[in-house]
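Here is the structure we will look at.
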Amino acid sequence: MKKWLTTNKYYLIGAAIGSVCGFCYWKFIGCASGSCAITSSPINSSLYGAMMGALVGGMFKKEQKSTV
């Protein structure tokens, strides 16, 4: 478990920051009419933010050199 956390820490940190940002986006900007698929619900907005944050966080992960 500890090894998994250390190898995926950038994904997890990015997902946490992204979910908070997604929730804040819903809270302060959101969608007034309710017809927006992502920003009409705090859960959808937080999940989308977590997914985007994990993708951005994964960009900072260093590649391992393979010795073949």
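Just so it is clear, none of the values below were taken in a lab; they were calculated from the coordinates. Please read these numbers as outputs of a predicted model, since none were measured by experiment. All Cβ positions, even for glycine, are placed from backbone atoms using ideal geometry, and neighbour counts span all protein chains on display.
When region 30-47 is limited to residues that are in a loop (DSSP other than H, G, I, E, B) and of a type in the set (A, V, I, L, M), the one that is farthest from residue 6 (Cα to Cα) turns out to be 32. Within region 3-29, restricting attention to residues that are assigned to a helix (DSSP H, G or I) and of a type in the set (Val, Ile, Thr), the residue that is surrounded by the fewest Cβ atoms within 10 Å (Cβ to Cβ) is 6.
Can you find even one residue in region 48-68 that is charged (D, E, K, R), free of Cβ contacts under 8 Å to residues at least 40 places away in the same chain, outside any loop (DSSP other than H, G, I, E, B) and surrounded by fewer than 13 Cβ atoms within 10 Å (Cβ to Cβ)? No, every residue in region 48-68 fails to be charged (D, E, K, R), free of Cβ contacts under 8 Å to residues at least 40 places away in the same chain, outside any loop (DSSP other than H, G, I, E, B) and surrounded by fewer than 13 Cβ atoms within 10 Å (Cβ to Cβ).
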